[in-house]
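The values are calculated or read from the model by the stated rules, or taken from the named source; none is laboratory data. Computed from a prediction, not measured in an experiment: that's the story for all the values here. Cβ placement follows ideal geometry from the backbone for every residue including glycine, while neighbour counts extend to all protein chains displayed.
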Amino acid sequence: MKHRAKYLVILVVLAFLSSCRQEDRREAEIAKIPIELKVLRFDAEFNRAASGDLPGLKTKYPYLFPEKTPDSIWISMMADTLQQRLANETHRIFGDFEAQEQQIHELYQHINYYFPKERLPKVVTLVSTVDYENRVVLADSLLLLGLDNYLGSDHTFYKGLSSYIAQRLDSKYLLSDMASAFAKKVNPYPRDRMFLSRMIYYGKELYLKDKFLPDDTDAQKIGYTPAQMQWAQENEEQIWRFFVEQELLYSTDSKLDKRFLDPAPFSKFGLELDNESPPRLGRYMGWQIVRAFMEGNNVTPQRLLALPSDEIFKKSNYKPKR
């Protein structure tokens, strides 16, 4: 019996080492992918500009200047003290943006590896006057990045916001938000109304982040603090038991979105522990189901996205961590 146990341990170790070598080879291959990344710093250019520079800016960035907006509005913005403060604070946090540009380059390499047919857009940084609901906007050939939404959760510009919103307005979540934008582009939203389908929809998005951002922590990928991540991991079994016992998985109750999927201060079990819980735990559980499925099934990320949620769930053989 002892020899058998020792043999099993050796097999597990060998499998782990083999997996690590495969991952190392994959990352080395990804690092060689040539990417032409173009980052345009509209925020810095606009902050330096005078009224006489406006025609040139409009020519260079026509998509940022709606035709119905008169030039007087833009000239007024150039002299606006709040706009200048936002731009100056953005420069203080990000500087020349060189470090972030290298990180975006690596993100693009990973996206290209897994989705070689996807068009990689040029990046335009701007000041959005803290439009945190649209901090990343992705179009076919353009990605707009509102840098003033990443100044740090305790920044004075965010004092009027709810803490759960301000928490994610930090530069450590910038790449994660960009990866989410790409994931949403390739990950179709489920047509049925089952809670499980929406859980796994978000689980697919987070799994793509596992592939796109291998150096990010799980907390960064889902937008948690380390303490919130720890709570989710330590209570995974209890969360799952609640979902099963309350028969939520196949429920079509739209209120479950607000309780367990949408941005909020915490998840809503209707229990005393609610205030201690992190928000969006339905997404976290969907993530664990998708991870379990991908560990036990040899499919590509593209195939994963095409599979229905019920099939993924049944074939995942998911069991919560104890």
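Filter the stretch 107-124 down to the residues that are closer than 17 Å to Leu208 by Cα and in contact (Cβ under 8 Å) with a residue 12 or more places away in the chain and list them by number.
Leu107, Tyr108, Gln109, His110, Ile111, Asn112, Tyr113, Tyr114, Phe115, Glu118, Arg119, Leu120
Filter the stretch 165-202 for residues that are in a helix (DSSP H, G or I) and of a type in the set (D, E, K, R) and give the result.
Once the filter is applied, which keeps residues that are in a helix (DSSP H, G or I) and of a type in the set (D, E, K, R), the stretch 165-202 yields Lys172, Asp177, Lys184, Lys185, Arg198.
In the stretch 125-149, which residues are of a type outside the set (A, V, I, L, M, F, W, C) and either without any contact (Cβ under 8 Å) to a residue 60 or more places away in the chain or more than 18 Å from Ala44 (Cβ to Cβ) (or both)?
Answer for the stretch 125-149, where residues must be of a type outside the set (A, V, I, L, M, F, W, C) and either without any contact (Cβ under 8 Å) to a residue 60 or more places away in the chain or more than 18 Å from Ala44 (Cβ to Cβ) (or both): Ser128, Thr129, Asp131, Tyr132, Glu133, Asn134, Arg135, Asp140, Ser141, Gly146, Asn149.
Suppose we filter the stretch 202-223 for residues that are of a type in the set (Phe, Trp, Tyr) and surrounded by fewer than 21 Cβ atoms within 10 Å (Cβ to Cβ); how many remain?
Number satisfying all stated conditions: 0.
Which members of the stretch 217-244 meet the condition of being acidic (Asp, Glu) and farther than 23 Å from Ile312 by Cβ?
Hit for the stretch 217-244 is Glu234, nothing else.
State yes or no: is Pro116 surrounded by fewer than 19 Cβ atoms within 10 Å (Cβ to Cβ), closer than 30 Å to Gln302 by Cα and not assigned by TED's automatic domain parsing to the domain that holds Tyr207?
yes
When you look at Ile104, is it in a helix (DSSP H, G or I), aliphatic (A, V, I, L, M) and within 20 Å of the chain's Cα centre (by Cα), yes or no?
Criteria met by Ile104.
Sort out which residues of the stretch 119-135 are crowded, with 19+ Cβ neighbours inside 10 Å and either under 14 Å from the mean Cα position of the chain (by Cα) or not assigned by TED's automatic domain parsing to the domain that holds Leu82 (or both), and write them in order of number.
Passing the criteria: only Arg135.
Against the definition (more than 15 Å from Glu45 (Cβ to Cβ), at pLDDT below 95, of a type in the set (Val, Ile, Thr) and in a loop (DSSP other than H, G, I, E, B)), how does Thr69 come out, yes or no?
no
Might you let me know whether the stretch 99-121 holds any residue that is in contact with a Pro (Cβ under 6 Å, 6 or more places away or on another chain) and at pLDDT 95 or above?
There is at least one residue in the stretch 99-121 that is in contact with a Pro (Cβ under 6 Å, 6 or more places away or on another chain) and at pLDDT 95 or above.
Just for the stretch 137-150: of the residues that are within 17 Å of the chain's Cα centre (by Cα) and surrounded by 19 or more Cβ atoms within 10 Å (Cβ to Cβ), which one is farthest from Ile93 (Cα to Cα)?
Leu143
Regarding Arg26, is this residue modelled with pLDDT of 95 or more, in contact with a Phe, Trp or Tyr (Cβ under 9 Å, 6 or more places away or on another chain) and at negative phi?
It is false that Arg26 is modelled with pLDDT of 95 or more, in contact with a Phe, Trp or Tyr (Cβ under 9 Å, 6 or more places away or on another chain) and at negative phi.
Any idea which of Pro263, Pro308, Pro226, Pro278 is of a type outside the set (A, V, I, L, M, F, W, C) and crowded, with 17+ Cβ neighbours inside 10 Å?
Pro278
Against the conditions (1) part of a loop (DSSP other than H, G, I, E, B); (2) more than 25 Å from Leu57 (Cβ to Cβ), where does Asn112 fall short? Just the number, please.
The failed condition is (1).
Identify, from the list Leu213, Leu256, the residue that is within 24 Å of Pro190 (Cα to Cα), in contact with a helix residue (DSSP H, G or I) (Cβ under 9 Å, 6 or more places away or on another chain), not assigned by TED's automatic domain parsing to the domain that holds Gln109 and not basic (Lys, Arg).
When all the criteria are applied, what remains is Leu256.
Which count do you get for residues in the stretch 151-181 that are free of Cβ contacts under 8 Å to residues at least 24 places away in the same chain and surrounded by 15 or more Cβ atoms within 10 Å (Cβ to Cβ)?
Of the residues in the stretch 151-181, 3 are free of Cβ contacts under 8 Å to residues at least 24 places away in the same chain and surrounded by 15 or more Cβ atoms within 10 Å (Cβ to Cβ).
Given Val299, Val290, which one is surrounded by fewer than 17 Cβ atoms within 10 Å (Cβ to Cβ) and aliphatic (A, V, I, L, M)?
Val299
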